[in-house]
Amino acid sequence: MSVNLEDLRISIAGRSIVKGISMRVGDGERVGLIGASGSGKSMIAKACLGLLPSVADVRGSIRIGQQEIVGADERKLAGIRGSATGLVVQNPAAALNPVKRVFDQVALPLTLHYQLDREQIRTRVIDMLRRVGLTETIADKFPHQLSGGQQQRVAIATALVTSPKFIIADEPTTSLDSITQQQIVDVLVSLVDDSGASMLFITHDFSVLSRATTRCAVLDEGVLVEEGSTHDLLREPKHPVTRILVNAATELTFQRNAVGQGITDGQGVHGRNDEGAAR
Ligand SMILES: Nc1ncnc2c1ncn2[C@@H]1O[C@H](COP(=O)(O)OP(=O)(O)OP(=O)(O)O)[C@@H](O)[C@H]1O
């Protein structure tokens, strides 16, 4: 499903946060959104899902498929959120309900938005858990009994169980170690591609960005300053802000490599997946 943002402006209490951005995520496309902390990335993500606080003044247009989000009433937004869009956030522990078992978490969007019988829901939930790389045994567990990577897999299963056609991933791997990050990005990308959905992927991490997206946009203080293929943008950043971001990320990678970080995760180096099962 294609998504079009046109002259999107967001301000809160008279402070302009997003200052007239226009961008498009084409049908089946995976687009990255990068920018310094506080540049307005999450505001844009929330605006796309109608999740901004009521004090936010939103102008311009966000079209998801044929549906206009700006100015839509809560009933319409709830319908779009439940079926057309999916959100994967940074902290899966916060996104999951601590007193619900995995099965019930993943089943919830189906029970809220579709008329399915118990068997249909069970089949769909177990299939979804398998597709994110988890086994059926995890269905009876509570979030606190899972690793961070397993929690994020459950969160992805929950976000994608209704087969949404537009997915927003807002820093979905930030709280994970580097090996698990790669596994989670690969799971997300293959699910998105298999379903033909489009995705807006917000991240600070350039290795994640190049793995997850083909095109990306750079945000600086609420303004889009550069847009292009992810490959070209990372190789030859044109705007000074992009250059600063890319150089800072490159420096960090060198520092990490120098101290041997990023390859120390037990699951990865011992050939085990998030389930703890030998691969
Ligand atoms: N509920 C709110 N009320 C007022 N201002 C807010 C609110 N939420 C965010 N902001 C402000 O909006 C600006 C953009 O925030 P946003 O969370 O979109 O940044 P971001 O680019 O996603 O940053 P990060 O990478 O750190 O998550 C920030 O200056 C932030 O302080």
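The values are calculated or read from the model by the stated rules, or taken from the named source; none is laboratory data. As the structure is a prediction and not an experimental result, all values here were calculated from the model. Every residue, glycine as well, gets a Cβ built from its backbone with ideal geometry; the counts of neighbours run over all protein chains shown. Side chains included, ligands, DNA and RNA excluded: accessible areas come from the protein's heavy atoms. Shrake-Rupley method; radii C 1.70, N 1.55, O 1.52, S 1.80 Å.
Just one of (1) farther than 30 Å from residue 143 by Cα; (2) within 15 Å of the ligand (Cβ to nearest atom) fails for residue 90. It is (1). When residue 25 is tested against (1) in contact with a Phe, Trp or Tyr (Cβ under 6 Å, 6 or more places away or on another chain); (2) modelled with pLDDT of 95 or more; (3) more than 16 Å from the ligand (Cβ to nearest atom), exactly one condition is not met: (1).
Please go through region 185-243 and give me each residue that is surrounded by fewer than 21 Cβ atoms within 10 Å (Cβ to Cβ), within 14 Å of the ligand (Cβ to nearest atom) and outside any helix (DSSP H, G or I), ordered by number. Across region 185-243, the qualifying residues are 204, 205, 220, 221, 223, 225. A single entry from 44, 12 fulfils the requirement of being closer than 25 Å to residue 216 by Cβ and within 11 Å of the ligand (Cβ to nearest atom): 44. Would you confirm whether or not region 121-133 contains a residue that is within 16 Å of the ligand (Cβ to nearest atom), β-branched (Val, Ile, Thr) and over 20 Å from the mean Cα position of the chain (by Cα)? So far as region 121-133 goes, no, none of its residues is within 16 Å of the ligand (Cβ to nearest atom), β-branched (Val, Ile, Thr) and over 20 Å from the mean Cα position of the chain (by Cα). Comparison of 201, 206 shows that the only residue that is more than 20 Å from residue 133 (Cα to Cα) and under 13 Å from the mean Cα position of the chain (by Cα) is 201.
Once region 80-134 is narrowed to residues that are part of a helix (DSSP H, G or I) and small (Gly, Ala, Ser), the residue that is surrounded by the most Cβ atoms within 10 Å (Cβ to Cβ) is 107. If the condition is being touching a helix residue (DSSP H, G or I) at 6+ places or on another chain (Cβ under 6 Å) and open to solvent by 30 Å² or more (accessible area, probe 1.4 Å), then region 135-155 contributes 136, 141.
Of the residues making up region 64-77, not a single one is among the charged types (D, E, K, R) and surrounded by 15 or more Cβ atoms within 10 Å (Cβ to Cβ). The set of residues from region 156-184 being open to solvent by 10 Å² or more (accessible area, probe 1.4 Å), small (Gly, Ala, Ser) and either free of Cβ contacts under 8 Å to residues at least 60 places away in the same chain or assigned to a helix (DSSP H, G or I) (or both) comprises 159, 163, 178.
Among residues of region 28-41 being in a strand (DSSP E or B) and at pLDDT 95 or above, the one that is nearest to the ligand (Cβ to nearest atom) is 33.
The residue list 99, 70, 55 contains one member that is in contact with a strand residue (DSSP E or B) (Cβ under 7 Å, 6 or more places away or on another chain) and away from the ligand (no atom under 13 Å from the Cβ), which is 70.
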